């Protein structure tokens, strides 16, 4: 059996899938994120999670693609604001452990590759955003992902939208991420008199008509829309794909986001189509496999 493994490492959980040709074989989610500062210990723990998800104990994957939170440089995780990690040599470690090609990339880049449809063939521009523990951003420039000269992925979530705002876990005050992450919606709800609840329960409260929850999501949408407007003015994307755990509450924040997107876009900036892909859960894991297959000049 020739199969590929895709891994989605988020701020709170790990998801792993195995694909044969593009047909899903195994899907596991809710796996624990390794909590260790030592990079080799983190890499070893991730390898152990992958082994648990293989079709058989003696099976060997044809390749492994990993989409991970944090700053990634040429397959090495430099740091992750949402974990204790520091310098995780994940590509080298997994390549040795499984004796197969391995590609590690930023999770937002993997997400965008996982949901792209005709952009790769038509040469159009698209942006991707993942809303969750943090806020991931990615840009497709017609035939490739936007990268940097030093080999890292651009971190659009850390642009400043409010220079007088509170510092995020990166130390950057008023960043896009700090205004649109999970703790942000919880903060907005608390500021309006709400209890400390999960985003899912805040969305339920908004659906039940609770004003504090509705106002909190409206403000969340305003912050998101302002950031989307900034990206639209720079890249002129034809489509914006939005995923991540908080995307499920879009009915409560999308109207405000669209309103702010229009307000923060130049009059000459075309309005991008906003897309919430239906297959959101496995997009990062599948996108990491797709990236590796494209780099190898073959299909996963």
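The values are calculated or read from the model by the stated rules, or taken from the named source; none is laboratory data. Keep in mind that what you see is a predicted model, and the values were worked out from it rather than measured. Every residue, glycine as well, gets a Cβ built from its backbone with ideal geometry; the counts of neighbours run over all protein chains shown.
Details
- Of the residues 83, 12, 68, the single one that is over 30 Å from residue 149 (Cβ atoms) and under 21 Å from the mean Cα position of the chain (by Cα) is 12.
- The test for being within 23 Å of the chain's Cα centre (by Cα), touching a residue at least 24 places away in the same chain (Cβ under 8 Å) and in a loop (DSSP other than H, G, I, E, B) holds for residue 277.
- Checking each residue in the stretch 143-159 for being within 15 Å of residue 115 (Cα to Cα) and out of contact with any helix residue (DSSP H, G or I) (no Cβ under 8 Å at 6 or more places or on another chain) picks out only 144.
- Residue list for the stretch 213-268, filter: part of a loop (DSSP other than H, G, I, E, B), surrounded by 19 or more Cβ atoms within 10 Å (Cβ to Cβ) and touching a helix residue (DSSP H, G or I) at 6+ places or on another chain (Cβ under 6 Å): 264, 265
- Odd one out for residue 36, checked against (1) in contact with a helix residue (DSSP H, G or I) (Cβ under 7 Å, 6 or more places away or on another chain); (2) under 14 Å from residue 69 (Cα atoms); (3) not in a helix (DSSP H, G or I): (2)
- No other residue among 86, 143 is outside the structural domain of residue 231 (by TED's automatic domain parsing) and at pLDDT below 90 apart from 86.
- Matching residues in the stretch 40-53 - criterion: being touching a helix residue (DSSP H, G or I) at 6+ places or on another chain (Cβ under 9 Å) and within 12 Å of residue 18 (Cα to Cα): 50, 51
- Against the conditions (1) under 20 Å from residue 286 (Cα atoms); (2) at pLDDT 90 or above; (3) surrounded by fewer than 23 Cβ atoms within 10 Å (Cβ to Cβ), residue 160 satisfies every one except (1).
- When residue 15 is tested against (1) in a strand (DSSP E or B); (2) over 13 Å from residue 66 (Cβ atoms), just one condition goes unmet, and that condition is (2).
- Yes/no for residue 174 being crowded, with 22+ Cβ neighbours inside 10 Å and modelled with pLDDT of 90 or more: no
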